[in-house]
1. I'm trying to understand the selection: among the residues of region 218-232, which are farther than 18 Å from Leu167 by Cα and open to solvent by less than 40 Å² (accessible area, probe 1.4 Å)?
2. Can you tell me which of (1) assigned to a helix (DSSP H, G or I); (2) under 21 Å from the mean Cα position of the chain (by Cα) is the one Leu155 doesn't meet?
3. Has region 187-199 got at least one residue that is in a loop (DSSP other than H, G, I, E, B) and farther than 21 Å from Arg19 by Cα?
4. Filter region 137-167 for residues that are of a type in the set (Phe, Trp, Tyr) and open to solvent by 30 Å² or more (accessible area, probe 1.4 Å) and give the result.
5. Only one of (1) open to solvent by less than 60 Å² (accessible area, probe 1.4 Å); (2) without any contact (Cβ under 8 Å) to a residue 60 or more places away in the chain is not met by Gly170, so which one is it?
6. Kindly indicate which of Gly85, Gly94 is modelled with pLDDT of 95 or more, in a strand (DSSP E or B), touching a Phe, Trp or Tyr at 6+ places or on another chain (Cβ under 9 Å) and not hydroxyl-bearing (Ser, Thr, Tyr).
7. Give, as residue ranges, the strands (runs of 3 or more DSSP E) completely inside region 21-72 that count at least 2 residues that are open to solvent by 10 Å² or more (accessible area, probe 1.4 Å).
Amino acid sequence: MSTALGLAMVEATPSAALRPYVTRLCAYREHYAAPLTRSEVAMPGSVLILAFGTPMEAGGQRVRAFGGGLGDRFTVTRIAGPSEGVEVFLTPFGARRLYGMPMRHLTNRVVPVTDLLGRWGDLMLERLAATPSWRARLALTDRLLCERIAAGPALGPELPWAWARLLESGGRLGVSSLADTLGWSHRHLVARFHDQVGLPPKAAARVIRFGRALRLLRAGTAPAEAAAECGFYDQAHMNREFRVLGDTTPGQIRPRPGDGGAASWAS
């Protein structure tokens, strides 16, 4: 492993077969002069860290390779030594098929890869560690994820459709509108979200809205304008949501678009 300090990464676009389930693949290496603590923001997806090197702390646990589900709060991580591997950003449905369990069991959790994926996960880590090229690691990850997800439980089209509508609206589409369009009761819609997404639709919409506001602020949009555009009641409401979901405030985001500091898993 390189002894150079800082973060280095190479991204790859997921293959066509993987794109409905994975939004981003990233090979990385990071090493800092002193332990680094970060608050990882809530995001509308699931993060899988296929890492080898020094274990890190995530969500109060000491882990090396791990995953989990969606969350409605930020997660604290602490890196104390050099690490490298591949970071995978899964859609809720990619995570549901990959892990083969109801996503409600993974909400706001950090779970070691062995517990999530068993021997398959261990073998994947061994193969990645034995592959020196970052591009080759990304290609291997893509291929193995395609195989595993294709063998996972089949999902109907209704929840992916509802999720796409929430994303398109920036989290502003009403839950009753989704239920009415699908011809479902509110209770049934919530139950399906718990199974395939992990969060109920209202909480999922909060995370999506927060993510949109975060992108606008990083692009230089004024906080008051971002609050209005994203559907917050007012700027104070947006401030409260940023503290819960990101451990930050809008004012701390906007002055530093393109900050060159250590990246988080949702950067």
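1. Going residue by residue through region 218-232, those that are farther than 18 Å from Leu167 by Cα are 218-225.
Selection gives Gly220, Thr221, Ala222, Pro223.
2. It fails just one condition, (1).
3. Start the filter on region 187-199 by keeping residues that are in a loop (DSSP other than H, G, I, E, B), which leaves 197-199.
Going one step further and asking which of them are farther than 21 Å from Arg19 by Cα, we end up with 199.
Yes.
4. Listed by number, the list holds a single entry, Trp161.
5. Failing condition for Gly170: (2).
6. On the way: Gly94 fails: in a strand (DSSP E or B).
On inspection, the qualifying residue turns out to be Gly85.
7. Details: elements: 22-31, 36-40, 46-53, 56-58, 61-63, 66-68.
Strands (runs of 3 or more DSSP E) meeting the threshold: 22-31, 36-40, 46-53, 56-58, 61-63.
The values are calculated or read from the model by the stated rules, or taken from the named source; none is laboratory data. Remember, it's a predicted structure, so these values are computed and weren't measured experimentally. Virtual Cβ from ideal backbone geometry, glycine too; neighbours counted across all protein chains shown. SASA here: full protein model, heavy atoms, side chains in, ligands and nucleic acids out. Shrake-Rupley method; radii C 1.70, N 1.55, O 1.52, S 1.80 Å.
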